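Comments concern the structure below.
The values are calculated or read from the model by the stated rules, or taken from the named source; none is laboratory data. Keep in mind it's a predicted model, so treat the numbers as computed, not measured. Neighbour counts are summed over all protein chains in view; Cβ atoms, including those assigned to glycine, are modelled from backbone coordinates with ideal geometry.
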Amino acid sequence: MKPVLSTVGILIFSFYQIVYAQTKVFKEGAKWGIKENETILIAPIYDSIFNFDKEGKVCLACYKLRTFSNNKIIKTVNVSFNCRYLNKQNKKLVIQNKRGDTCSVFTLSKNSVEQYNDNPHHFVATAKGKRFLIDKEFNQLTYKGYYDIAASVDPNFYKWMKTKWYMWV
């Protein structure tokens, strides 16, 4: 009976250490950040933040942006989110298009968090209405913006969802 209890105790302690060492989203005032144990990885300066992916490489931090419509009769407030992809060193993702323009602010779409969580190697970042394929080390894989792009099962190919074309890497 004692060996079983000690084994269970060791398993519980090990599980506690694993859970305790994971990153946690925290709120300070009205802003959000991420910390690991008691070390602050991402300062609480964002209006919304999504925790790191399963591999602990990428998180998404967003600012709330309020803009007024141009309607002369009724003024409405449009709320959107401008986001940054960050790694654990608080380095932000910067992408470049074919013309050499750079961008570090991305659009929050309904699939943004799912896209960087689901694939262990790649994710899709949306900037200025176009999508770019990025790996988890922040290396840009596509420089042309697409309407929809995803990694295929074979890492040598990407697929465009709308046109069903494949591109050799």
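Details
- Qualifying residue in region 10-31 (condition: of a type in the set (D, E, K, R), surrounded by 13 or more Cβ atoms within 10 Å (Cβ to Cβ), in a loop (DSSP other than H, G, I, E, B) and modelled with pLDDT of 90 or more): no
- Lone qualifier among Glu38, Glu28 - being of a type outside the set (A, V, I, L, M, F, W, C), over 24 Å from Glu137 (Cβ atoms) and without any contact (Cβ under 8 Å) to a residue 12 or more places away in the chain: Glu38
- Residues of region 151-169 that are crowded, with 17+ Cβ neighbours inside 10 Å and either modelled with pLDDT of 85 or more or touching a Lys or Arg at 6+ places or on another chain (Cβ under 9 Å) (or both): Ala151 alone.
- Selection status of Lys72, among the basic types (Lys, Arg), at negative phi, surrounded by fewer than 13 Cβ atoms within 10 Å (Cβ to Cβ) and not in a strand (DSSP E or B): yes
- Positions within region 56-69 being surrounded by fewer than 11 Cβ atoms within 10 Å (Cβ to Cβ), of a type outside the set (Lys, Arg) and touching a residue at least 12 places away in the same chain (Cβ under 8 Å), in sequence order: Thr67
- Matching residues, region 75-95, being part of a strand (DSSP E or B), of a type in the set (A, V, I, L, M, F, W, C), touching a Lys or Arg at 6+ places or on another chain (Cβ under 9 Å) and closer than 21 Å to Phe132 by Cβ: Phe81, Leu86
- Filter pass, Phe138 being under 24 Å from Asp47 (Cα atoms), of a type outside the set (S, T, N, Q) and part of a strand (DSSP E or B): no
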